[in-house]
Amino acid sequence: MDDQQQQDDWASNRNNRLPSFTEVLSRRTRPPVDLFMFYLFLQREGAEDILDFWLDVQQHENLCRAYFKDVRKSGRTIKEDWPQYWDYARRRGSIYGTVVGLNPETKRSTASTGELLSEQDRRNLAATDEKAAGRSTSPRLTPGISEHTRVASTSPTNDRPSTPFSLSGRTPTLFNMKRASRAPTVIPRSSAITRQDLIASAERIFFRYLTPAGNTVNSQESHEIYLPPSLRIHSFPLSSSAEPKSQSEMAIMAQIPDMFHGQKEYCFRAMEQDAFPRFLRAKAFGNLTPISALVRLILGLVILWIGLATAFSLVFLDVKPKSKRFFLFVPFTLAILFLVSHQYELDPILVFLGQSETTPFRTLRIKDPYVKKLLLGRAIWVSIVVAVIVTALTLIFWGVPGHRL
């Protein structure tokens with residue numbers, strides 16, 4: 001009963017505010033402020049790699065959780081099945097503490113990372129943990145591993161101190177790379193998850209997102225993302241095609257479940273502080289894509305030129321009756337509507353039809369109640385502005401006395 005009350009309170013509160021970034025990532029929002037629209041927004045900026053990385057790491061962590069749960073369901077403890085990881089988790093802490101059965105007081109250290117998510121946000125993200133399987137990998141290369149679980153508490157040397165989490169203005173970075181996005185591959189769980197599956201998942205993430213394109217066998221598989229120096233992983237000494245045997249390899253393998261967590265939280269903060277506010281401005285206060293808005297600007301200028309040319313012709317040719325000038329409201333209305341829609345990045349007609357653009361000239365229905373209310377208010381304002389300007393132009397050219405040249 002309490003859970004139902006909490007859900008009702010959350011739904012009621014959600015209808016009176018914009019969604020948080022965590023709610024978008026956990027797929028608890030509706031169009032046009034859902035994960036699909038956020039992905040398209042990043043794709044237009046050539047910045048979808050960072051979201052791909054976050055989602056792939058989330059899948060990797062879900063795969064590790066599924067492995068730990070399978071072990072416990074088999075009647076064995078994690079300490080018996082994977083003693084190296086157990087020792088590593090007890091010494092360094094792990095995000096899987098409750099899953100593997102560590103003491104409740106044993107928590108992952110946050111001295112350098114801080115609390116990046118609130119408790120409510122973590123519960124929201126946890127709702128997606130059971131929905132994912134692992135990812136396929138492309139095994140290659142085998143160099144050494146570096147420290148990777150820390151997030152810099154201060155800005156790195158190569159970063160701009162004032163905007164340590166900016167997603168733009170860095171080179172090279174995935175946000176300057178233009179490419180078509182690739183859908184991730186999902187491994188169906190037709191059999192029990194093994195530790196080799198965990199290595200394969202981590203290996204694919206490393207070679208796809210953390211390795212420069214020139215260092216891979218197939219450069220098309222590499223979509224390197226920007227990370228500060230303290231979070232970069234320079235090598236991956238394990239291979240999914242060979243089982244670790246030496247003590248050093250077993251020790252490195254124990255880090256696989258938590259390997260990308262620091263990088264994942266850095267990417268979360270980067271998207272939350274840079275891309276997500278711009279996404280909300282674009283989709284909660286507008287319903288046009290940049291290309292569509294530009295097309296409206298061009299059409300508006302052309303139609304305005306036609307309307308003004310017609311209006312001056314009617315005046316200087318002294319066309320009778322004068323009431324014919326009232327028909328000027330047609331080109332003036334189209335022109336001003338297109339120009340004001342470009343200025344506000346909002347088409348009031350689409351809003352009144354309950355539509356928002358996904359890609360240029362393709363729309364979907366607005367389902368988020370709060371966003372619908374915001375857009376409806378702005379659409380009414382845009383309509384009033386258009387009506388006032390059109391009325392003023394029409395009356396001016398109607399009232400000017402004709403004078404045949």
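The values are calculated or read from the model by the stated rules, or taken from the named source; none is laboratory data. Nothing here was measured: the structure is a model prediction, and the numbers come from that model. All Cβ positions, even for glycine, are placed from backbone atoms using ideal geometry, and neighbour counts span all protein chains on display. For accessibility, only protein heavy atoms count, side chains too; no ligands or nucleic acids. Shrake-Rupley method; radii C 1.70, N 1.55, O 1.52, S 1.80 Å.
Put 359, 391, 211 in order of accessible area, largest first, 1.4 Å probe: what do you get?
Greatest to least solvent exposure: 391, 359, 211.
Work out from phi, with θ = phi - 60° and the Karplus expression 6.51 cos²θ - 1.76 cosθ + 1.60, the ³J(HN,Hα) of each residue of region 372-377, listed in order in whole Hz, and give x for Gly and Pro.
Karplus values, whole Hz, x for Gly and Pro: 4, 5, 4, 5, 5, x.
With θ set to phi - 60°, apply the Karplus curve 6.51 cos²θ - 1.76 cosθ + 1.60 along region 195-206 and write out the HN-Hα couplings as whole Hz, x wherever there is a Gly or Pro.
Values per residue, Gly and Pro as x: 5, 5, 5, 5, 5, 4, 5, 5, 5, 5, 4, 4 Hz.
At a Förster distance of 56 Å, what's the computed FRET efficiency of residue 330 paired with residue 69, Cβ-Cβ distance as r, to 0.05?
Details: r = 66 Å, r/R0 = 1.18.
In this case the efficiency is close to 0.25.
Go through region 343-403 and name the trypsin sites (Lys or Arg not before Pro) that are in a DSSP coil and have 16 or fewer other Cβ atoms within 10 Å of their Cβ.
In loop regions of region 343-403 (DSSP not H, G, I, E or B), the sparsely surrounded trypsin sites (Lys or Arg not before Pro) are 367.
Leaving out ligands, DNA and RNA but keeping every protein chain, what accessible area does residue 330 have, in Å² rounded to the nearest 10, with a 1.4 Å probe?
Roughly 70 Å² of residue 330 is accessible to a 1.4 Å probe.
Give the calculated FRET efficiency between residue 249 and residue 385 to the nearest 0.05, with a Förster radius of 60 Å applied to their Cβ-Cβ distance.
Computed FRET efficiency for residue 249 and residue 385: 0.35.
Among rounded, prolate and oblate, which fits region 355-405 when a ≥ b ≥ c are the square roots of the eigenvalues of its C-alpha gyration tensor, a/c under 1.5 means rounded, and a/b larger than b/c means prolate?
The shape class here is oblate.
Which trypsin sites (Lys or Arg not before Pro) in region 67-101 pass both tests, a DSSP loop state and at most 16 other beta-carbon atoms within 10 Å? Don't jump to the answer; show the numbers that get you there.
Working: sites: 69, 72, 73, 76, 79, 90, 91, 92; in loops: 76.
The qualifying sites are 76.
Based on the mean of other Cβ atoms within 10 Å per residue, sort peptides 295-303, 195-203, 348-356 so the most packed one is first. Don't skip to the answer; put the middle values down first.
Values: 295-303: 16.3, 195-203: 22.8, 348-356: 18.2.
In descending order of packing, they fall as 195-203, 348-356, 295-303.
Amide H of residue 358 versus every other amide H placed in the peptide plane: which residues, excluding those fewer than 5 positions away on the same chain, fall under 5 Å?
Close amide H contacts, sequence-distant or interchain: 363, 364.
Too long at a 22 Å Cα-Cα cut-off: which of 264/372; 283/373; 73/264; 264/367?
Where the Cα-Cα span goes over 22 Å, the pairs concerned are 264/372; 73/264; 264/367.
In debye to the nearest 20, how big a dipole does region 225-354 give about its Cα centre with +1 on each Lys and Arg Cβ and -1 on each Asp and Glu Cβ?
For region 225-354, the charge dipole is close to 820 debye.
Can you give me the distance in nm between label points at residue 404 and residue 319, each placed 7 Å from the Cα along the Cα-to-Cβ direction?
1.5
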